[in-house]
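The values are calculated or read from the model by the stated rules, or taken from the named source; none is laboratory data. Owing to the predicted nature of the structure, the values given are computational and were not obtained by experimental measurement. Here the Cβ positions follow ideal geometry from the backbone for every residue, glycine too, while neighbour counts run over all protein chains shown.
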Amino acid sequence: MICYIASDHAGFEVKDFAKEILLKKGYIVEDLGPKSAERVDYPDFAEKVAMKVAQNQNSFGVLICGTGIGMSIAANKVKGIRAALCHDAYTAAMARAHNDANILCFGERVVGKGVIESIIDAWSKTEFEGGRHAGRVEKIMNLEQ
Ligand code: RB5
């Protein structure tokens, strides 16, 4: 399973921390930038990760900005993407179990490193439950124009 990760300047500081956790969990991690904490526009990096995830079924994405809000809004514009803004282990687990989310978003200015670790842990351990949730996810995907 490959994980595409990116941030903007406001998420840059914890990007390497998140990468380390993902690598320890055995994922192949591809960092799509940025390479420095210089000011950038989050939609550019949301697009990079979302396009990769949309093209590769056996992948997921991680997007980090200040709040996670801009990244999730932008990533959800790409066909095939279900990006979820998560604040804790519970929301991360539900994003996978009920929404079959394929991109995890969080905010560096919102959550600390301990919470980030628990978010990634919950995300990685949780499978989509399917069943009654499958039809709802299908309805979401049918909203795409
Ligand atoms: C950058 O200042 C900030 O607006 C961005 O990282 C993000 O939080 C947007 O949603």
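Couple of notes before you dig in:
- If you go through segment 7-21 and keep only what is free of Cβ contacts under 8 Å to residues at least 60 places away in the same chain and near the ligand (Cβ under 8 Å from one of its atoms), you end up with just His9.
- Here Tyr4 fits the description: more than 16 Å from the ligand (Cβ to nearest atom) and buried (at least 22 other Cβ atoms within 10 Å of the Cβ).
- Filter result for Val40 (more than 13 Å from the ligand (Cβ to nearest atom) and aliphatic (A, V, I, L, M)): no
- Every pair of residues 6+ apart whose Cβ atoms lie under 8 Å, when the first sits in segment 73-84 and is at pLDDT 95 or above while the second is aromatic (Phe, Trp, Tyr) and not in a loop (DSSP other than H, G, I, E, B): Ala74/Tyr42
- Residue check for Val53: away from the ligand (no atom under 16 Å from the Cβ), assigned to a helix (DSSP H, G or I), touching a residue at least 24 places away in the same chain (Cβ under 8 Å) and surrounded by 23 or more Cβ atoms within 10 Å (Cβ to Cβ): yes
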